[in-house]
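Data block below; observations after.
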Amino acid sequence: MAAVLRQSAKYSLSGRLTPFAGPVTALHSRNGRGRTALSCLVSNQRNSSSASKIKVDLDSNTGIAVMTLQSPPVNSLSLDFLTEFAISLEKLEMDRGCRGLVLTSALPKIFSAGLDIMEMYGKSPERCGEFWKAVQEMWLKLYGSNMVTIAAINGSSPAGGCLMALSCDYRIMADNPRYGIGLNETQLGIVAPFWFKDTLVNTVGSRTTELALQLGLLYSAPEALKIGLVDQLVPEDKVVSTATETMAKWFAIPDHARQITKSMMRKPTIDKLLSSRESDINNFVSFITKDSIQKSLRMYMESLKKRKA
Amino acid sequence: MAAVLRQSAKYSLSGRLTPFAGPVTALHSRNGRGRTALSCLVSNQRNSSSASKIKVDLDSNTGIAVMTLQSPPVNSLSLDFLTEFAISLEKLEMDRGCRGLVLTSALPKIFSAGLDIMEMYGKSPERCGEFWKAVQEMWLKLYGSNMVTIAAINGSSPAGGCLMALSCDYRIMADNPRYGIGLNETQLGIVAPFWFKDTLVNTVGSRTTELALQLGLLYSAPEALKIGLVDQLVPEDKVVSTATETMAKWFAIPDHARQITKSMMRKPTIDKLLSSRESDINNFVSFITKDSIQKSLRMYMESLKKRKA
Amino acid sequence: MAAVLRQSAKYSLSGRLTPFAGPVTALHSRNGRGRTALSCLVSNQRNSSSASKIKVDLDSNTGIAVMTLQSPPVNSLSLDFLTEFAISLEKLEMDRGCRGLVLTSALPKIFSAGLDIMEMYGKSPERCGEFWKAVQEMWLKLYGSNMVTIAAINGSSPAGGCLMALSCDYRIMADNPRYGIGLNETQLGIVAPFWFKDTLVNTVGSRTTELALQLGLLYSAPEALKIGLVDQLVPEDKVVSTATETMAKWFAIPDHARQITKSMMRKPTIDKLLSSRESDINNFVSFITKDSIQKSLRMYMESLKKRKA
């Protein structure tokens, strides 16, 4: 574990969680809820956003869509990013020509750095609540997707980035010991919420989760394979191609039987959040807006700046 | 996993799930419920059945009963078979001279091919419901048995055959990589119900179950050992003798303490089905009688016929 | 498993569960409940107890307390011992200078032999109930502790001793194959209650727990590492020093984030007992006072005496 922790410290200091994600455009409709809201947000997004944070390529021959995260410097999950993600995912979900989704990153060395700290630092409670709702939405949509979802993890994937990978059906990671993955929230003084925890427990079991979450562990790719946090390691330049090839095995199973089975496995976990969504938002907002937590975040960001300087 | 899947494809095409299980005799009492019904069914069975599908040998010296499944060609779990199984099990359960049960097969290369497809294809909803109730009964009795139950898996054991093995306390399998075991229902376009899933989760954990069920994986004997789907591999001719020898370890524990402990572990899973038995039957019947599912089954059976020809 | 069982038989015959724990002083306040009761018990304890069964050393520089169990011959969990344990733990819990706890034994070859059989044999129902309440209290306090808790297991740790270790955050065991650890209650004809079971399931998963509890397995240190029952093996003379060194990794995480995370993981299990504490006591008392169980205990104690002679 010493090695893992050293690894972890190195990662968390290398600026993967960026405090420099740039100004956040207030695209999010305040009164929006559910699908209607999202449709409405689509037009907002398209009108106001200069460049797309996510590239979507759907191959109508294979039925495989590749979503490439391309939001420099580290694919932080900002409100903008999450909104675009939810819209893109929903479109694919409703497209009968799409059976499988590969999630990957266009950026070097990073899959996604997770939740954008700037969305949690110095923001109003209302804004924090909107942000958290969007984080919930991302997970609800991805963990509950009817498509076959494969994460092609071609870089590090801490915190919310790890959650995104965990929400897929299968995880293929670049065989690079310098890439780390894990729910390392406690290292920042914050806490992974119960549904992050549930998703990890469903993947690696209760005991590994307890250690991973309490210590905020980032596992190197080989370590992640060993504990079952990822399913397969391949050379970095084969991550996406292996993901698309792997789809064949999943497409060999009749969709309806696979989907019912997937829902049977994941529905109880999803229902837990659905039945307590508001209180989960309230918990997050009251926690993150505490002075002590804001101070923790500021200290963390300052430590990142110093290391960069 | 490629190897597993290739293995799996081979198995599913080799006719293990037989469409040729012969005509099904309508022995099942329509108004029968619970123990009374079974007692009544015993006499029906004994009167009308020409040959027993299950041989039971109880050694009064050791307290070990060996149940040998002997229903050619592949020990399919037909309504007849399940009824005889439930009766035999109940008799042993009530016999104070019997403390342990070894389950094995008299047929070459196959433990049990699982649910008889012919019981699900082209049958009336009522008949399907009776069949499903008998499948439930098999699991409830075996998973909740007070005896020490050891599966001596001397051949392949897909789908319902796997469930039967999973319901025992311990699984010893023939060390033959050509034998497969797993809940491969989705390969047929059908879905393992929640209590099959729960039984697998209790044995190999949540993540392995998710992969196994979604992909309908059949694991080779060595793979099954690796993921904990079986507990021990021994040479094929030692499977039954190892099972009876293993009983000694279990008999060394006072029965009452072992039984209370077993019940503590399994009761919550059993209670889940008991509290939703009717809706589980209704779900099965409405699912299996759908045109699309009947078509899936027909296609599967035709593919088996072709491979045989 | 043959090796494990042989090991187990050897252990259970070597007198680790002592019937010679000496007379039990009736310190326990009958009307005492919760914190008030314990505070009141503190003074009782201090007034009447000649020698302390537990040594506590708190290093105010490091914030680490070492609790050394020193109740010869085998650190049996008697009512006295449990009462002193609960008081000591509560004091540390309320001491802001203490962030971490190391649990270890002063006795050779034994961490703790578990529940004192003498507290369960030939005692009045009332007394049995008091004892069981104290066992519950030990677990509730330790499993739910806000401190980082590390078990430095420098000897065998069957039954209740294993529970104590399982309730910590991390387990370091002496790398000695002659030391055994496990919930071996069924070997004595008694049954681990549901919260012992839940604690083990949370640590090693459902299937391993089922086997471990039904067969009353004691695992050798290397076997315990393999199944995840302990986290690390080190040479016997390094167990405590490794435990204190390991604290640094845990102290690197902000306390509040770690504590909320720990609570999120363990609260559901703790709440299960809290909501059924009285019925759990009643169950224990009615079980343990049965003639057949008393006979089992007597036979077990006699077998220990014979082996000693």
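Bear in mind that the values in this text are calculations on the coordinates, not laboratory data. Bear in mind the structure is a predicted one, so any value in this text is a computation, not a measurement. We place every Cβ from the backbone using ideal geometry, glycine too, and count neighbours over all the protein chains shown.
Data table
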read-out: Neighbour net charge for C:Arg171 - beta-carbon separation under 11 angstrom, K R +1, D E -1; value: -1
read-out: Dimensions in Å of the stretch A:240-309 - Rg and Dmax from alpha carbons; value: 21.3, 54
read-out: Local net charge near A:Lys53, Cβ-Cβ under 12 Å (Lys/Arg +1, Asp/Glu -1); value: -2
read-out: Estimated FRET transfer efficiency when R0 is 60 angstrom, pair C:Lys226-A:Ala51 (beta carbons, to 0.05); value: 0.70
read-out: Whole-number percent relative contact order across the stretch A:77-204, with pairs defined as alpha carbons under 8 Å at least 6 apart; value: 28 percent
read-out: Peptide C:169-175, shielding by other chains (average Cβ, 10 Å cutoff); value: 1
read-out: Simple spin-label estimate for B:Lys267 and A:Met94 in nanometres, 7 Å along Cα-Cβ; value: 5.0 nm
read-out: Proximal charge balance of B:Pro268 [Cβ under 12 Å; K/R count +1, D/E count -1]; value: +2
read-out: Globularity index of the stretch B:209-277, i.e. its alpha-carbon radius of gyration over 2.2 N^0.38 Å; value: 1.49
read-out: Label 7 Å beyond Cα on the Cβ vector: C:Lys238 copy-to-copy distances, nm; value: 3.7, 3.7
read-out: Cut-off under 5 Å, modelled amide H: who pairs with A:Gly180 long-range; value: A:Ser156, A:Ser157
read-out: Other-chain or far-sequence residues with amide H under 5 Å of A:Leu233's (modelled H); value: A:Met173
read-out: Shielding by partners, peptide A:214-224 (average Cβ within 10 angstrom, other chains); value: 3
read-out: Cα lying deepest toward the dipole's positive end in the stretch B:93-227, options B:Ser145, B:Phe194, B:Val204, charges on Cβ; value: B:Val204
read-out: Cα-only Debye scattering, the stretch B:83-193: base-10 log of I(q)/I(0) at q = 0.13, 0.16 Å⁻¹; value: -0.52, -0.78
